[in-house]
1. For segment 30-47, state whether one or more residues are farther than 21 Å from E175 by Cα and either assigned to a loop (DSSP other than H, G, I, E, B) or in contact with a His (Cβ under 8 Å, 6 or more places away or on another chain) (or both).
2. Can you work out which of the residues in segment 179-200 that are surrounded by 15 or more Cβ atoms within 10 Å (Cβ to Cβ) and at pLDDT below 90 is nearest to V120 (Cα to Cα)?
3. Quick one: in segment 23-45, of everything that is over 20 Å from the mean Cα position of the chain (by Cα) and surrounded by fewer than 14 Cβ atoms within 10 Å (Cβ to Cβ), which residue is farthest from L136 (Cα to Cα)?
4. I'm checking my understanding of the structure. Among residues of segment 117-145 that are outside any helix (DSSP H, G or I) and not basic (K, R), which one is surrounded by the most Cβ atoms within 10 Å (Cβ to Cβ)?
5. Restricting attention to segment 62-89, and to residues there that are in contact with a Lys or Arg (Cβ under 6 Å, 6 or more places away or on another chain) and either surrounded by 15 or more Cβ atoms within 10 Å (Cβ to Cβ) or assigned to a helix (DSSP H, G or I) (or both), which single residue is modelled with the highest pLDDT?
6. Can you list residue pairs whose Cβ atoms sit under 6 Å apart, with the first residue in segment 12-39 being touching a residue at least 40 places away in the same chain (Cβ under 8 Å) and within 25 Å of V147 (Cα to Cα) and the second being part of a helix (DSSP H, G or I) and of a type outside the set (A, V, I, L, M)? Count only pairs 6 or more apart in sequence or on different chains.
7. Residues that are among the small types (G, A, S) and in contact with a Pro (Cβ under 8 Å, 6 or more places away or on another chain): does segment 135-149 have at least one?
8. Tell me which residues, restricted to segment 93-116, are touching a helix residue (DSSP H, G or I) at 6+ places or on another chain (Cβ under 7 Å) and under 14 Å from T24 (Cα atoms).
Amino acid sequence: MTTAGRAWVGVHHSRLAGLVMIITALASLICAEVSVRRLGMVVFADPVAALLLIPAIAGVAAAVACAYPTSAPLPDPPRAALARLLWILTWTTAAVAAASVGVLAGADVDAAPIARNVLVCAGLATVMVVVGRPLLTWLPPMVVLLVSAMFGMPDQSDPESDGGAYWWAVLIADEVTPAMWVMAGGLFLVVVAAYVAVPFSGARRW
């Protein structure tokens with residue numbers, strides 16, 4: 001690794017993000033066949049596969065890796081924008097890989113919904129990095145995930161219910177439609193563009 005590369009890694013929370021990725025991979029493997037009915041005092045409308053929840057952790061870790069941990073300004077040459085692009089794509093790819101480990105253990109959940117959830121959660125978490133509030137990276141994914149799990153399933157006694165989640169509760173859906181890919185990919189790409197465009201000296205302070 002070049003000196004510039006080591007410096008780039010050094011000014012980000014790479015070790016913390018890497019540790020969380022390892023924990024995520026282990027959790028994915030251990031919880032491959034686990035369904036969650038509640039988180040503490042929060043009761044879900046229906047049991048949700050743990051592998052649909054774990055991507056939230058991986059997505060937040062990817063966003064944390066993109067946060068700049070000090071208020072000291074740094075130069076922002078054109079190549080820094082490319083570095084930011086490669087950085088967030090690399091960590092998001094790592095997040096998808098870590099959250100998908102459980103698929104190898106024979107989980108009922110496919111890799112596609114896991115990847116979708118990582119894109120959504122990483123995008124939501126990185127919004128807080130872009131606006132300069134990286135300590136709150138966990139908040140948007142957690143709120144969306146809990147609201148989806150609590151209210152995202154229609155009443156199964158409703159004869160008009162198709163048994164699936166509401167269209168907006170994509171994080172608890174165990175299948176992926178083209179519309180979901182468009183939504184998840186579009187959100188992620190918009191946030192990536194904002195992250196790449198924001199001057200390095202301003203918005204990624206820890």
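1. Checked segment 30-47: at least one residue is farther than 21 Å from E175 by Cα and either assigned to a loop (DSSP other than H, G, I, E, B) or in contact with a His (Cβ under 8 Å, 6 or more places away or on another chain) (or both).
2. Across segment 179-200, the extreme among qualifying residues is V198.
3. R37
4. Among those residues, the one meeting the criterion is T137.
5. A67
6. These pairs meet every condition: S28/G102; A32/G102.
7. No, because not a single residue in segment 135-149 is among the small types (G, A, S) and in contact with a Pro (Cβ under 8 Å, 6 or more places away or on another chain).
8. If the condition is that a residue be touching a helix residue (DSSP H, G or I) at 6+ places or on another chain (Cβ under 7 Å) and under 14 Å from T24 (Cα atoms), then A94, A95, V96, A98, A99, S100, V101, G102, V103, I114, A115 are the ones that fit.
The values are calculated or read from the model by the stated rules, or taken from the named source; none is laboratory data. Since we're looking at a predicted model, the values are computed, not measured. Cβ sites come from the backbone with ideal geometry, for glycine too, and all protein chains shown count toward neighbours.
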